[in-house]
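Data first, discussion second: the structure below is written as C-alpha cells.
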Amino acid sequence: MVKWDSGMSTNKTVELDCAAFGLHCHPTEPLFAAGLIDGSVQLYRYNEETVTTEHTWTLHKKASRAITFIQDGNAIVSASAACAFRVVDVESRQLLHTVKKVHGSPVYSLFAINRNVMASGDDDGTVKLWDMRQRPVPVMEESACCDRISDLVSDGQRNVLLATSGDGTLSVFNFRKRKLVKQSDTNDCDLNCASILKVGDSLSHIAHLSRRLCVLPKVVASDI
C-alpha cells in the first residue's frame with residue numbers, strides 16, 4: 001500500500017500487487033517506481049485523482065531490495081536480494097545493464113549520482129561507488145559500518161555522499177577522492193533515513209532514528 005498527498009482534501013491510497021521494499025519518485029514527472037518483494041519493478045503515473053500502472057518489469061528472481069531513478073529520470077536502477085543490479089530505460093522499457101555479484105550481502109540502499117555513477121550500501125555496512133562504464137568493478141569500496149547502510153544521500157553538487165547506518169553512525173565520503181573522510185560518533189539508536197539542508201557553506205544532515213528525528217553536526221564543505 002502506498003499513500004501520497006494529492007493536494008486534495010484527503011490523501012490517496014494505492015494498492016500494490018505485493019509488498020514494496022523500495023519507492024522512488026521521478027525528479028520531474030508525475031511518476032514513481034516501486035521495487036516489489038516478488039522481484040518486479042512497477043512504474044506508476046499519478047495525478048490529483050488517479051494512479052495508473054505504466055509498466056511492470058520482471059527483473060529479479062528474488063526481491064527488489066532498493067530502487068532509484070537516475071538523476072535525469074531516464075532510467076531506473078533496481079538492486080536485488082541476490083546482489084545484482086539491473087538498469088532499465090523508462091521510455092523504451094528496455095533492459096540497459098545487468099551487473100551481478102555487486103555485494104557480498106544483499107543491497108539495502110542505492111543513490112544515483114548521475115547517469116553513469118551510482119552508490120550502493122549493503123546489509124553488512126559496505127558502501128561501494130560504481131561507474132557503469134567500468135562495470136563490474138567498483139571504483140570505491142569502503143567497509144565503513146558494522147550494520148546495514150540504511151540510506152544514501154548527497155549534496156546538490158554531488159561532491160559528497162552521506163550514509164546512515166543501523167549501527168547509529170553517519171559516514172561522509174568524498175566523490176573526488178573516492179574514500180571515507182569523516183564518521184560521526186555512534187548514536188544510541190539506529191539511523192534509518194536522512195535528508196540534507198544547506199545552511200551557508202555547511203550541510204546539516206537530518207536523520208530519522210528509531211523513535212525520533214535528530215539534526216547531526218554540520219559537515220563543513222572546507223573540511224572535506
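Magnitude of the Cβ-charge dipole of the stretch 45-107, K/R +1 and D/E -1, about the Cα centre, nearest 20 debye? Before the final figure, lay out the partial values.
Working: 8 positive and 6 negative charges, 129 e Å.
That gives the stretch 45-107 a dipole magnitude of about 620 debye.
Could you tell me which of Asn74, Ile113, Gln94 has its Cα farthest along the dipole of the stretch 58-139 towards the positive end, charges placed at Cβ (Lys, Arg +1; Asp, Glu -1), taken about the Cα centre?
Farthest along the dipole direction, towards plus: Gln94.
Under 9 Å from the Cβ of Phe85, count the other residues' Cβ atoms, weight Lys and Arg +1, Asp and Glu -1, and hand me the total.
Values: positive: Arg86, Lys100, Arg135; negative: none.
Charge balance in the 9 Å sphere: +3.
Could you compute the net charge surrounding Lys61? Neighbours are other residues with a C-beta less than 15 Å from the C-beta of Lys61; K and R count +1, D and E count -1. Don't jump to the answer; show the numbers that get you there.
Numbers: positive: Lys62, Arg65, Arg86, Lys100, Lys101; negative: Asp38.
Net local charge, Lys61 excluded: +4.
Tell me which aspartates and glutamates have Cα within less than 14 Å of Lys128's Cα, excluding those fewer than 8 residues away on the same chain?
Once the sequence-local aspartates and glutamates are set aside, what remains near Lys128 is Glu141, Glu142, Asp151.
At a probe size of 1.4 Å, how large is the accessible area of Val181, to the nearest 10 Å²?
50
Just add up the charged neighbours of Asp17: K/R +1, D/E -1, any other residue whose Cβ is under 15 Å from the Cβ of Asp17. Could the numbers behind the result be given before it?
On the way: positive: none; negative: Glu15, Asp38, Glu54.
Result for the local shell: -3.
The values are calculated or read from the model by the stated rules, or taken from the named source; none is laboratory data. These numbers were taken from a predicted model, which means no experiment stands behind them. When we count neighbours, we look across all protein chains shown, and the Cβ atoms used for this are built from the backbone with ideal geometry, even at glycine. Remember, those area values only see protein heavy atoms, side chains included, never the ligands or the DNA or RNA. Shrake-Rupley method; radii C 1.70, N 1.55, O 1.52, S 1.80 Å.
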